[in-house]
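Data block below; observations after.
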Amino acid sequence: MNSLILRTATPLLSGLMLLFSIYVLLRGHNEPGGGFIGGLIGASAFAIYAIAEGLAAARRAIVVPPITIAGTGLLLAALSGVASILFGDAFLTGQWWFPSFAPDMKYASTVVLFDVGVYLVVVGAIAGIAFALEERE
Amino acid sequence: METILAVLVGLLFAISVYLLLSGSLIRLILGVFVLGNATHLLIFVSGRLTRESPPLIESGLKVAEAGIANPLPQALILTAIVISFSLFAFLLVLSYRAYQSLDTIDTDDMRVAEPHAETLPMRGRDV
Amino acid sequence: MSDTTAWLVVWPVAVPLIGAALAIALWTRPQAQSAIGMIAIALQFVSGLALLAHVWANGPVAMAMGGWPAPFGIAFAADTLGAGLTVVASAVAMGILVYGLGDTDVEHRRAGVIPLLLALMMGVAGAFLTADVFNLYVWFEVTLISSFGLMVLGGRREQLDGAVKYAFLNLLATTLLLIAIALLYGMTGTLSMADLSGKVAALPADAPIETVALLFLVALGMKAALFPLHFWLPAAYHTPLPTVSAIFAALLTKIGVYSLMRVFMIVFPDTADIAREAMIWTAVATMIVGALGALAETDIRRVISFTVVSGVGVMIGGLAIGTELALLGTTFYVIHSIVVSAALFMAAGMVARAGGGTRIADLAGLYKGAPFLAVAFLISGLSLAGVPPLAGFWPKVYLVQAGLAAGEYAIVAGVLVSGFLTLMLMGRVFAIVFWRAAPEDAPQTGSDGGMVLKGALGAMAALTFLIGIYSAPVAELSGRAAAELLAPDAYIEAVLAGPPQTAATTPGTPEVQP
């Protein structure tokens, strides 16, 4: 798209959106937020980038094909559920790790891993759809 | 409140049945969409309506105190909404592609897969 | 609840999920995808076998997801029926996948067949193994979404035409299922099938159980293609790739039948008399209408689609009788039907290759060029009609016996008449397509598809032959499944891990996390 304002703002905006999406993802561990909504924000960062800079640049920016990101996320989510077998618990049971050097850390858990998986699935799937739509135009 | 919502659910079902009885793909899609929303509302009403506090467990407790809203219908509806939304998107694309290649949105004219039989089936004794 | 044997219930669902994720990640590499698909389905088969062995030795096994005990959490549970059908489904899916790899070219595989197929198998196993009615709906949707993708693969005109009818009517059916679940939840306040079993029986006499049971019958009957809700099946099943038709015919209607068995035997065991009466007559009508519809068809794939409908009638007939012998027959017939439907659609795909089309009148003399295909088709067709000693004979014997014992003569007549019509039909198709001499000026047509396709079809035909010859193990499996359906106490106990009142206070209850 040939808009000076959009082209100038996009690098800044999409970077901020990606950062914010990760913030929302991690915040979702205990407060409103989470992988799904974070993933949507992340995917829209790539969508905006594709609109402003063109599809080729956006594909370079996301590095790996979106569908691979989605597949990896799904794999991560599935494995985070399977991980509880190592601890003798049921499928999808959350496992927490409270390391001695940081006993208050709440993020070392399979639950976060699952959420990261969801994040990647949403980023991959929505960015893939957005790119495909962009391709049509 | 339940009564009013029950009437609303019935109304939505009536609308969706009317739309689903049509032969036009567009009305069918709208009918499926209204049917989905009516169903979600039905789940919500089935879980009983409460106007008390949100379904959060106070810290230090293992079981919530009495008088919270029923969280289960919300989870069920969220699941159902995501599913029906994605299927709705698929139906839209499918209908558009069908319109492009079959050149009609009237289901009565869609006979490519089921052509009118031009002949009777062959009998064994014709062999 | 936390010992690792309970994990056996999870693997048949988790393995295809992990496989599908890997296959999606390797989207652009069809060769790697094919390998992943084969390995994942083989592992699903192995894990299903392990589950069946465990259930056989120790009775039903259950696991509550995330450690949240039923009836509050979602539980997976397997009894002989669920585990046995998982094994048969994944075994047949393996054969179909081999067939598919031999039949489809790389272009089609690039479009995501393997991930969709694995997602479908995950949904099928999930539907067989879940112990929660809402979760059952979710697995139906999982199979539905992946089947939509498979259905339109290739994008030919008649595929889109078939897919429109398939998609709208199946979506309607699952929405009706959701409505039934919502009403049931509104009455009982629970979704766990084991918990529902007791709660439905304890409902006051004026509760609308009949209405909800009928709604379940309509919704699941539509999924199973029960008359008069079967029209979507013959409108759609003959349009996709042969591989896809084979897996749809083998598995999709069967999960509808399985769910009807599960819901009517566990949730409404002693209630819902009107629904049962309706089931008898729809079952008889389905058998006859399916067979007659097949007789009137001119396309070989549509003929087979209608025989699938007819078979659904036989299965539901057994469920409607509801005695142990009848349920044995139904379970046996489900297993037989999974194998033989796959075999027939595979054979039809090869007929199309060898004869250059699917219109019966245009096909002739295929026996000469493709004797192996002809024999395999004949075995499958005769098995479907119920000719001894093939697999289709035994369940019909049990069902007729059960029908006579219970005085359900309509179902007995339906089974016998539809069997006779099917025999006539298969004889006619075989005589015209394979046996009659091809005209001299007939175009020289291609081969029947090579060793891979022959191997897959041969395996299915051999399976239906072997089940017929050595029917005792399958009959024993079905007998135990039937006994467990009639006395589901062990299943209920395994799910609830004790009576429901104390479930909330067992030591296994998870702590609330910080």
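The values are calculated or read from the model by the stated rules, or taken from the named source; none is laboratory data. Just so it is clear, the model here is predicted, and its values are computed rather than measured. Note that we place each Cβ from the backbone using ideal geometry, even for glycine, and neighbour counts take in every protein chain shown. We work out accessible area using only protein heavy atoms, side chains counted, and drop any ligands, DNA or RNA first. Shrake-Rupley method; radii C 1.70, N 1.55, O 1.52, S 1.80 Å.
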Handout entry: Selection within the range A:53-73 - more than 12 Å from A:A127 (Cβ to Cβ) and open to solvent by 30 Å² or more (accessible area, probe 1.4 Å)
Key = A:E53, A:A56, A:R60, A:T72
Problem - C:V55 being farther than 24 Å from C:D489 by Cα and more than 9 Å from chain A (Cβ to nearest Cβ) - result: no
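Under the condition of being within 12 Å of C:V10 (Cβ to Cβ) and at pLDDT 85 or above, which residue from the range A:77-94 is surrounded by the fewest Cβ atoms within 10 Å (Cβ to Cβ)?
Per the criteria, the residue is A:V82.
Residues that are part of a helix (DSSP H, G or I), more than 8 Å from chain C (Cβ to nearest Cβ) and under 19 Å from C:L177 (Cα atoms): does the range B:85-108 have at least one?
Checked against the condition, which is being part of a helix (DSSP H, G or I), more than 8 Å from chain C (Cβ to nearest Cβ) and under 19 Å from C:L177 (Cα atoms), the range B:85-108 yields at least one hit.
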Practice task
Please work out which one of (1) in a loop (DSSP other than H, G, I, E, B); (2) in contact with a Ser or Thr (Cβ under 8 Å, 6 or more places away or on another chain) is the condition C:G73 fails and give its number.
Solution key: (2)
Problem - Filter pass, C:G198 being assigned to a helix (DSSP H, G or I), within 15 Å of the chain's Cα centre (by Cα) and either of a type in the set (K, R) or under 28 Å from C:A83 (Cβ atoms) (or both) - result: no
Completion exercise
Given the conditions (1) within 14 Å of chain A (Cβ to nearest Cβ); (2) free of Cβ contacts under 8 Å to residues at least 24 places away in the same chain; (3) under 24 Å from the mean Cα position of the chain (by Cα), every one holds for C:P12 apart from (2)
Exercise for the section: Please list, ordered by first then second residue, the pairs with beta carbon atoms under 8 Å, 6 or more apart or interchain, first in the range C:299-326 and of a type in the set (D, E), second surrounded by 24 or more Cβ atoms within 10 Å (Cβ to Cβ). Expected result: C:D299/C:H238; C:E324/C:A482
Handout entry: C:V212, sole failed condition from (1) over 16 Å from C:M151 (Cα atoms); (2) at pLDDT below 90
Key = (2)
Completion exercise
Apart from one, (1) at pLDDT 85 or above; (2) open to solvent by 40 Å² or more (accessible area, probe 1.4 Å); (3) more than 8 Å from chain C (Cβ to nearest Cβ) all hold for B:G31; the odd one out is (2)
Handout entry: Candidates C:I18, C:I24 - the one that is crowded, with 24+ Cβ neighbours inside 10 Å, within 14 Å of chain A (Cβ to nearest Cβ), within 19 Å of C:L118 (Cα to Cα) and not small (G, A, S)
Key = C:I24
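Which of the following residues is within 10 Å of another protein chain (Cβ to nearest Cβ), touching a Phe, Trp or Tyr at 6+ places or on another chain (Cβ under 9 Å) and not hydroxyl-bearing (S, T, Y): B:I57, B:I77?
On the way: B:I57 fails: touching a Phe, Trp or Tyr at 6+ places or on another chain (Cβ under 9 Å).
Checking each option against the conditions leaves just B:I77.
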Completion exercise
Going through (1) in contact (Cβ under 8 Å) with a residue 12 or more places away in the chain; (2) surrounded by fewer than 21 Cβ atoms within 10 Å (Cβ to Cβ); (3) facing chain B (nearest Cβ under 10 Å); (4) farther than 14 Å from C:I247 by Cβ one by one, C:A111 fails only at (3)
Exercise for the section: Output the residues belonging to the range C:242-286 that are assigned to a helix (DSSP H, G or I), open to solvent by 10 Å² or more (accessible area, probe 1.4 Å) and not hydrophobic (A, V, I, L, M, F, W, C). Expected result: C:P242, C:T243, C:D273, C:R276, C:E277, C:T282
Handout entry: Selection count, the range C:152-190, where residues are more than 24 Å from the chain's Cα centre (by Cα), open to solvent by 10 Å² or more (accessible area, probe 1.4 Å) and within 7 Å of chain B (Cβ to nearest Cβ)
Key = 5
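Let me confirm something: among C:L363, C:L373, which residue is within 14 Å of chain B (Cβ to nearest Cβ), open to solvent by less than 10 Å² (accessible area, probe 1.4 Å) and within 26 Å of C:I300 (Cβ to Cβ)?
Values: C:L373 fails: within 14 Å of chain B (Cβ to nearest Cβ).
Being within 14 Å of chain B (Cβ to nearest Cβ), open to solvent by less than 10 Å² (accessible area, probe 1.4 Å) and within 26 Å of C:I300 (Cβ to Cβ) holds for just one of C:L363, C:L373, which is C:L363.
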Fill in the blank from the handout: Those helices (runs of 4 or more DSSP H) completely within the range A:1-111 that have 2 or more residues that are in contact with a Gly (Cβ under 6 Å, 6 or more places away or on another chain) and within 14 Å of another protein chain (Cβ to nearest Cβ) are A:66-82
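Tell me, please, whether a residue that is in contact with a helix residue (DSSP H, G or I) (Cβ under 9 Å, 6 or more places away or on another chain), without any contact (Cβ under 8 Å) to a residue 12 or more places away in the chain, surrounded by 24 or more Cβ atoms within 10 Å (Cβ to Cβ) and within 11 Å of chain B (Cβ to nearest Cβ) can be found in the range C:224-239.
Checked against the condition, which is being in contact with a helix residue (DSSP H, G or I) (Cβ under 9 Å, 6 or more places away or on another chain), without any contact (Cβ under 8 Å) to a residue 12 or more places away in the chain, surrounded by 24 or more Cβ atoms within 10 Å (Cβ to Cβ) and within 11 Å of chain B (Cβ to nearest Cβ), the range C:224-239 yields no hits at all.
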Exercise for the section: State yes or no: is C:G155 within 24 Å of C:S305 (Cα to Cα) and part of a loop (DSSP other than H, G, I, E, B)? Expected result: yes
Problem - Test result for C:T323, hydroxyl-bearing (S, T, Y), more than 19 Å from C:A483 (Cα to Cα) and surrounded by fewer than 22 Cβ atoms within 10 Å (Cβ to Cβ) - result: no
